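The values are calculated or read from the model by the stated rules, or taken from the named source; none is laboratory data. Fair warning: this is a prediction, and the values are worked out from it, not measured in the lab. Cβ atoms come from the backbone with ideal geometry, glycine included; neighbour counts cover every protein chain shown. Quick note on the areas: whole protein, heavy atoms, side chains included, nothing else; ligands and nucleic acids left out. Shrake-Rupley method; radii C 1.70, N 1.55, O 1.52, S 1.80 Å.
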Amino acid sequence: MKMKSVKSVMAVLLSACILCACGRQGDGTGEPAKPERTPTINEDRKEVITICSTFIGLRLRQAIIDYNAQSSRYEVVPVEAEMGTDYDAYRTRIQLELTNGEGPDILLPFALQSMTDIVPYVESGIFMDVTDFLKDQGIVPCALDSVSICVDGRLYGVPESFAFGVWVTSEELAVDDEDWTVETCMQVMRNSGASVFCQAPNGWTKDESGLYVLYRLGVESFVDEDRRISSFEKPEFIEMLQFCKTYADPISQASLGSRVASGEIAFVLGSISSFSSFSYYESMFSGNPVYMGRPTPQGGYLGAGADDYYYINASSPSKEGALDFMRFLLSEEQQRNMITNFDTGFPVNQELLEAMWKEAKEESPDAAQGYSKQGVSYTPRPLTDEEEQFFWSVVNQEETTPTASNRWRDEIWDIVWDEALPFFAGDKSAEEVAEVIDNRVQVLLDEKK
């Protein structure tokens, strides 16, 4: 899946819903446009709770089996796209159901047209407010501080795990956090001797991988959200375009481990998503990885946030059942199982997380004896005091670096993707595409005033 979003479909469907009076506003007579939904009861007299995504993974599938085995009242039924399904068409169908007051009871982000901006869903009353439910669950605060969950101080998503992104590199290329800006990052790359900035996702062409570098460096600094001003015509953006083309990845399918070891790749843009992540990067960088944040004008930024999370359909007739399944996923047994047997994300249960860190320094909580990933072989090991200190410094930080253009990030990136690709393909100059991007983004910002 490319970085280009399909969020515009959301607005079209919501507009169509309003025009045809099939939304939650009724038909103007004071009567609802649709009859109230009633729960589905299966042959075992259990209330059916549907949970939807494009794909239901092994860990969640096992949790569903475990929940159904112990619940006398509810049965959770997974709903996913069939093999070979057009995912965009699948999401569009789900979106139409939601705007009509129908659809599944629980949704994973991959079932949605937009996975980063949930404001349209909240404004349309599609997602259930779960603030009161979460306040007594003992959740790690950083897992709730996310634009994918929180809108105007209210919570609309239930996090199950959290992680944080890292830029990992060698000691030779590392820079102090306060000096880690995009300009410094580009200069370090030029002096590194490496030919590739970072490995692109599998299947991407060299032209697209140049766009990937641009996406990871970020274009937010060229948008003044408060004043609604675009500045993509600046020389700094033109320089970024040229930089990204020079250090794009021509062979994204190659082994990451060997390319890092040879010095071909300068940075690994990954994540600390489980206790074993530290062992993985230690092996990749021969025992000396340096964890850095995303470069920003204020310096390197590391921020933790929800990794796996769920939305509850506000029109569901089975909200209590959906919340019951959420309680099950947040239980200590299920949270611990997520780490020890599936190695997917840190638990959001604060007390359990603290307890598991104590255990992890004595013995690895990961039950596996070894892994091989992207050409890197590693075995999870007990963690160090230094690694624990680094972890909590990210999780407990009080000040965060705001991300400009969060609200319109998808729409702006759509424009950048469409207009910058001809530059990476060699069909237009950097100056030409910068001018077009600037004009189109300015029109978008003017519409937002």
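Rounded to the nearest 20 debye, what is the charge dipole size of the chain about its Cα centre when +1 sits on each Lys and Arg Cβ and -1 on each Asp and Glu Cβ?
With only Lys, Arg, Asp and Glu charged at Cβ, the dipole is about 920 debye.
Given the rule -39500 (n - 2.57) for each run of at least 4 DSSP H residues, summed and divided by the residues of the chain, what is its mean residue ellipticity at 222 nm, to the nearest 500 deg cm²/dmol?
Values: 16 runs with 173 residues, N = 449.
Computed ellipticity for the chain at 222 nm equals -11500 deg cm²/dmol.
Calculate, in nm to one decimal, what GLN70 and SER286 gain on full extension: separation in residues at 0.36 nm each, minus their alpha carbon distance. Mind showing how you got there, number by number?
Numbers: separation 216, 0.36 × 216 = 77.76 nm, distance 4.58 nm.
Roughly 73.2 nm would be gained on extension.
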Worksheet item: Under the Karplus relation 6.51 cos²θ - 1.76 cosθ + 1.60, θ = phi - 60°, what is the ordered set of whole-Hz ³J(HN,Hα) values for the range 70-75, x standing for Gly and Pro?
Response: 9, 8, 8, 10, 10, 10
Practice prompt. Mind grabbing the accessible area of ASP207 for me, 1.4 Å probe, Å², rounded to tens?
Written response: 50
Worksheet, complete the sentence: The correct ranking of ASP226, ASP308, ASP446 by accessible area at 1.4 Å, largest first, is ASP226, ASP446, ASP308
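For the pairs LYS135/LYS448; LYS135/LYS358; LYS135/LYS373; LYS428/LYS448; LYS46/LYS135; LYS319/LYS373, flag any whose C-alpha to C-alpha distance is greater than 31 Å. The partial results should precede the final answer.
Values: LYS135/LYS448 33 Å; LYS135/LYS358 25 Å; LYS135/LYS373 37 Å; LYS428/LYS448 29 Å; LYS46/LYS135 28 Å; LYS319/LYS373 39 Å.
In this structure, LYS135/LYS448; LYS135/LYS373; LYS319/LYS373 lie more than 31 Å apart at Cα.
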Worksheet, complete the sentence: Label model pair ASN42, GLU97: point-to-point distance (7 angstrom along the Cα→beta-carbon line) in nm is 1.6
Response to the item:
The aspartates and glutamates whose Cα lies under 17 Å from the Cα of LYS234, excluding any fewer than 8 residues away in the same chain, are GLU183, GLU220, ASP224, GLU225, GLU419, GLU431, GLU432, GLU435, ASP438
Response to the item:
For the range 346-358, Karplus-derived ³J(HN,Hα) couplings (6.51, -1.76, 1.60; θ = phi - 60°; whole Hz; x for glycine and proline) come out as 8, x, 8, 5, 4, 5, 5, 4, 4, 5, 5, 5, 4
